[in-house]
Amino acid sequence: MGDARQVVAAEVPTTEPSTDEEEETSSEDESKWRAPWGPILVVLGIELCERLSYYTLAGSQKTYLNKQLNFNPASAASLNSVFSMLCFLWCLPGGLLADTIGRYKVIVGLASIYAVGVVIAAVSVHEGLQLQLKGLFLFAALFLIPLGTGGIKPNISNFGADQIGSDTEEQKETQKKFFSYFYMSINVGVLFAFGFLVNLTTHGEPKLGIPVEDGYFAAYIAAAISMIMVVLVFVGSTRLYNLLPGGGIDGFTTMCRAVGCSLCKHGGWQAWCCVIGWGLMPVFFAVTMASALTNGPSEDTITAAPEASNVTATVPAARLLYYHYPNPYEMECGVPSDVSGHRRLSGPGALWHLETTWMEEMPTSTWDEATFAAPTRRLHGGGGGSGRVAEILTNVALALGSISCICLVMAHLNNHWLKLPKEVVQATGFTIEEVRAGFATVPIIVLINISFNMAYNAMNNAFPSQACQMNTMVGGSQLNGAFFNLADALAIIFFTPLFEKCLYPLIARIKGSHVRLGQKLIAGLITAAIANGAAAYLEVYRRHQPLMCWESVSECAPNGIHMRNISAFWMFIPFALIGAAEIMVNPCMYYFSYTAAPPRVRSLVQALNLFFNGSVSNAFTAVAMKSTFPNDLDTGNLEYYYFLNIICALVGVLLYFCLTRCGRNSQDVKEEVRDEELDPTEHTFEEDTANSQAAE
């Protein structure tokens, strides 16, 4: 353990030994070096528990907003995307703060806020308090928890890599494996979250004395305990860590000053693209969140005056019971027989909300022609004006986000336009080469994260929604649609060691060189496209299957919807394919962001990677879902959403080839990672330079 700390601490300048002494010391360090498994295992355990908490909320929140707080399906899905987007948005200030004061302090402080947020969320979902504490739940979900995530997510992986160091080839190889196993630990947490806790939210666990109505409370309490353990274990293991101090804020401010100086003194279209790209990004997020929040709760906005054909056969003598079908297909099944567990809504008219079904009861003496009027229903909880505003905001958000990302990629393909006065370099010690290297990571980060995560995000909303309207029956009870995320987690847990120990070494032996980062990224994008194609096929096939009228309505689909007679376990295929794609993309992007960034802004660049990974991609997903995600899968075309994701992934493949083969971006990337990320066709930077000079 001590040897590991000495190796990492060797980054601090000391008196340089002679050449012979240096070689001897390096040889001894390399032969004596042992991986610091103590702090590494703590970091992996911390990430496991944090992701368990996160995915318990993320996996159940859409259903909670829809079923308990009465948001319509599209708005619930959009708010869930906004939740994820905010979690990654806070990574930027979290990463910047860590580079300034040190990663350890930021992790401890913001992890504590995270734990408080999950406790508040747990209290606010207690049965009987849900509507009264709706605002408190949204405050925890949309502020405290995202803020806490911003402290942990961009820093904990870098903190673990810091414990390993990068002085020797053995340490660098260990870092690569660490990021893969770090990602695997994420999915062990996912396995517990979706395998038990998310299912607990909608079904309870009678064997443990947890009734259905307390399912959300019990699951969120478990998530809160997990986060409290994160804080206690991380602080309690402090003596194991090699704590590197923060490098101050000079790195970030120098990068900003370089942009400002270049814009004022040298100008050029790239400088303006840079300013426009970064400047539009916060506007893009503001408009995206406004679009998602425009369609509020549907409570007290749906009226369902029934048709005469909707009258049930079993009616109490003193009153008539009316039922409104959620879509025409449900008329095949008639009024559900298991209309129970209803709750009384306040207000006149004796209006009752039964699970997801609206019914009205009145004395027979009050019947008139209006009683049998055609049904009227507003899907998005507002009038036509609100719908038009939401549509306008959606289109504006799409335009702003597209312009911003295109400008950022174009501006940083070649960073030689960036200039820095010598006095700034002397004052901060942050060179123009480091500034350019930091910005050179932007095109790869933007392109890969958006093109991949547009396809990946289908797993968080569309896949579970689709599964909910398939046959989820097991042993006489229904599974929650989010349960099938287990296939993704299991695929990652199973394939990660298989890829690292068998597949990658086998491919390397066959082709005579290591598997490049670029090759893994391309393979991951293609696999994600195939996953969405499989889901689209299953969705079209699902709609042609008969309704399971003999079973109760789906417990996780929108109100009053029956399952269709096709096993939901078929969804394991697209879930597992997404898992395989993740292994080839996300750990590689973690490693790229850590190694390609200058040491003084590593947390900031990792935060930028996570920002585009989750926040920007989720913003685009929220916009895409507003346009293509139907409120009712049986009457809509969910496959159009999948087709859009496929196009994004395949366009990402083409643009990656253009980026690495046609741009000059690699000139500014650190030499030690250049060949890893440059080109999946295995050209080297030196070969391209020589060919270019020969052509000239």
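Taking the Cβ-Cβ separation of Val235 and Cys549 as r and a Förster radius of 51 Å, what is the calculated FRET efficiency to the nearest 0.05?
Details: r = 55 Å, r/R0 = 1.09.
That gives a FRET efficiency of 0.40.
May I ask you to list the GluC sites (Glu not before Pro) in segment 85-188 that are in a DSSP loop and have at most 13 other Cβ atoms within 10 Å of their Cβ?
Values: sites: Glu127, Glu169, Glu170, Glu173; in loops: Glu127.
Passing both the DSSP loop test and the Cβ count: Glu127.
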* Inter-label distance for Phe494 and Phe139, nm, one decimal - labels placed 7 Å from Cα along Cα-to-Cβ -> 4.5 nm
* To do: Please turn the phi angles of segment 53-59 into ³J(HN,Hα) values with the Karplus equation 6.51 cos²θ - 1.76 cosθ + 1.60 (θ = phi - 60°), one per residue in order, whole Hz, x for glycine and proline.
  => 5, 4, 6, 5, 6, 4, x
* Asked: Using 19 Å as the cut-off for backbone N distance, which residues of segment 188-206 belong to the label zone defined by a point 7 Å from the Cα of Met473 along Cα→Cβ?
  -> 203
* To do: May I ask you to evaluate 6.51 cos²θ - 1.76 cosθ + 1.60, the Karplus curve with θ = phi - 60°, for each residue of segment 629-643 and list the ³J(HN,Hα) values in order in whole Hz, giving x for glycine and proline?
  => 8, x, 5, 10, 5, 5, 10, x, 10, 4, 4, 5, 5, 5, 4
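Subtracting the Cα-Cα distance from 0.36 nm times the residue separation, let me have the gained length for His416 to Ile507 in nm, one decimal. Each step should come with its number before you reach the end.
Working: separation 91, 0.36 × 91 = 32.76 nm, distance 3.66 nm.
Extra length from His416 to Ile507 when fully extended: 29.1 nm.
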* Asked: Could you give the nm distance between label points at Asp167 and Glu332, where each point is 7 Å from its Cα heading toward the beta carbon?
  -> 7.0 nm
* At what distance in nm do the modelled label points of Ile647 and Ile403 sit from each other, each positioned 7 Å from its Cα along Cα→Cβ? -> 2.1 nm
* **Spatial extent of segment 510-585: Rg and Dmax, with the Cα atoms as the point set, Å** => 17.9, 59
* Förster radius 41 Å - calculated FRET efficiency between Glu213 and Asn565 (Cβ-Cβ, nearest 0.05) -> 0.90
* ³J(HN,Hα) computed for each position of segment 602-610 - Karplus, 6.51 cos²θ - 1.76 cosθ + 1.60, integer Hz, glycine/proline x -> 5, 5, 5, 5, 5, 5, 5, 4, 5
* Structure fact -> Checked against a 30 Å limit on the C-alpha separation, the offending pairs among Lys105/Lys501; Lys153/Lys511; Lys67/Lys626; Lys62/Lys207; Lys172/Lys511; Lys153/Lys177 are Lys105/Lys501; Lys153/Lys511
* Asked: In terms of modelled amide H atoms, which long-range or inter-chain residues lie less than 5 Å from the amide H of Ile210?
  -> Glu205
* Asked: Ranked from highest to lowest mean number of other Cβ atoms within 10 Å per residue, what is the order of the peptides 148-156, 81-89, 542-550, 625-633?
  -> 148-156, 81-89, 625-633, 542-550
* Structure fact -> Heavy-atom accessible area of segment 123-238 with neighbours in place, 1.4 angstrom probe: carbon+sulfur share in percent works out to 70 percent
* To do: Would you mind checking which residues have amide H under 5 Å from Arg564's amide H? H placed 1.01 Å from N; only 5 or more apart, or other chain.
  => Met470, Asn471, Met548
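The values are calculated or read from the model by the stated rules, or taken from the named source; none is laboratory data. Remember, it's a predicted structure, so these values are computed and weren't measured experimentally. In this analysis, Cβ positions are derived from the backbone assuming ideal geometry, glycine residues included, and neighbour counts consider all displayed protein chains. What goes into the accessible areas is simple: the full protein's heavy atoms, side chains included, and nothing from ligands, DNA or RNA. Shrake-Rupley method; radii C 1.70, N 1.55, O 1.52, S 1.80 Å.
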